[in-house]
Structure formats: structure tokens, C-alpha cells
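Down below is the structure, laid out as C-alpha cells.
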Amino acid sequence: MNGVPWWVWVSATPMGLGAWAPIVPGRQRGRAGWVAAGVLWSVIALAGWIAAIVNDGGGGAGGLIILGWFGAIATTLIIRPTYVAETASSFARGREEAERRLAERREGQRIAAEETDLAIELGVGRPDQPGAQHAGLVDVNNASLAALLKLPGVDDALATRIVEVRAEINGFASVHELGGLVDLDANAVERLADRVVFLPR
């Protein structure tokens, strides 16, 4: 099954025979706690098997075997997400992060368009404010000149022009109005479209 390492399945081997499974990811990732858990469950399961042989199946042998068995299963299921995250390729991690950023920007733009008060309260588009949930966006009407400079294709001269024009007209209504008033070409407007919001001043 995709995303489930082989040692998770081994841990489910009946009667605690796979109790050692947590040792494998522990050794691979240098996690002493994982190794110790694998050793512990193996010792418990082995003690159960020894007790079963010595006492002809009595003396709590079954309980020890089950404890070692289920302990190993639980441990591998607990450590699997961390292991998978640590061993995922850098490309896969980068893609997940990029998808998260895109989704945050889209949601931030939706909130700015539909729920202005919420957007202002969250700090959508305000990377210049400490603790703001800016969603990777810049509020062209309110953000600082330094925040405007983080936008693609915006240099000192353009950021200064944006600040001057927004003061004159009390803020822009859209990226197309911004482009028209500060004389941006179509490509520049396209680059900015998914990076900006326009909240009231």
C-alpha cells in the first residue's frame, strides 16, 4: 500500500514475531527511542514465548505475547507519519509546500473579496504587521513600501509610484486599475494578479 513502509506490516506478524519492527526505522533515522521501543516489545514478546514453553502455555504467557505484539503495532503506527515526512523526497516536500502556499493565497483573496472585515482582522495582505496571517499576499492599498517591494517585478521606483498614486485616489479597486494608473504592461499585471489584494484604506 502506498505510503506504508514494509516494517509497519511486519509489526503485525501474529504472536509478536514482528515486535522488533520499530528497530528498523529507528536505526535508519537515528532515533534511539524508536530502537528502544522495538527492543522493549521484542523482550516482552520473547518473555511471553519463554513463559509459554516453560509453563506449558500458562503463567500469563499469552498476555505478554499479546502485549509485545500490539505494542509493536501501535509503535509503528505512531512513528510512521514522522518517518514518512523525514524520508520524503525534497521535491515531494517542495511540491506540498507550494500547493499549500497557493491554496492559502487563493483563500486569502477570497476572504479579502467576500469578507473584508475578517480579512482586515486576520491581516490578509499585511506581511509588514507582526502576527498577521497575510497568506502570502500584499494589500496594495495599505501595506508598507517595504512590503510592496516583495512583489514580483516591483522595484523602488514602482513601489514609490504605487504609494503616491494610492494616496491621491484613496486606494485602488483592482489589479487592472493599478496597472492602468501606474502604467504597468499586461505581463506585469498578470504577475501581480495572484499576489495582491485591495482592502479599504
Neighbour-count order for F198, F91, F70, fewest beta carbons within 10 angstrom listed first: F91, F70, F198
Degrees separating the helix 156-169 axis from the principal Cα axis of the chain, which is the longest one: 70 degrees
Two-site FRET efficiency, S174 against E97, from Cβ-Cβ distance with R₀ of 25 Å, rounded to 0.05: 0.30
Value of [θ]222 nm, deg cm²/dmol, for the chain, DSSP H segments ≥ 4, -39500 (n - 2.57) each, nearest 500: -20000 deg cm²/dmol
Calculated P(r) of the range 6-87 - Cα pairs past 15 Å, %: 51 percent
Approximate spin-label separation A157-S89, in nm, with each point projected 7 Å along Cα-to-Cβ: 4.3 nm
Exposure proxy ranking, count of Cβ atoms within 10 Å, fewest first, for V24, V165: V165, V24
Dipole magnitude of the chain about its Cα centre (Cβ charges: Lys, Arg +1; Asp, Glu -1), debye to nearest 20: 1020 debye
Separation of the R106 and T82 label points, Cα + 7 Å toward Cβ, nm: 3.3 nm
Top positive-direction residue, dipole computed over the range 130-201 with Cβ charges, set V165, P130, V197: P130
Length added when fully stretched, E114-A146, from 0.36 nm per residue minus Cα-Cα: 8.9 nm
Estimated dipole of the range 91-197 in Debye, rounded to 20 [Cβ of Lys and Arg +1, of Asp and Glu -1, Cα centre]: 360 debye
Derived scalar couplings ³J(HN,Hα) [the range 15-20; Karplus, 6.51 cos²θ - 1.76 cosθ + 1.60; whole Hz; x for Gly, Pro]: 6, x, 5, x, 4, 6
Relative contact order of the range 6-87, defined on C-alpha pairs under 8 angstrom at six or more residues apart (%): 35 percent
The range 91-197, relative contact order [Cα under 8 Å, separation at least 6], %: 23 percent
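All of the numbers you see were taken from the coordinates with simple rules; none came from a lab. Every value quoted in this text rests on a predicted model; they were computed, and no experiment measured them. All Cβ positions, glycine included, derive from the backbone under ideal geometry; neighbour counts span all protein chains shown.
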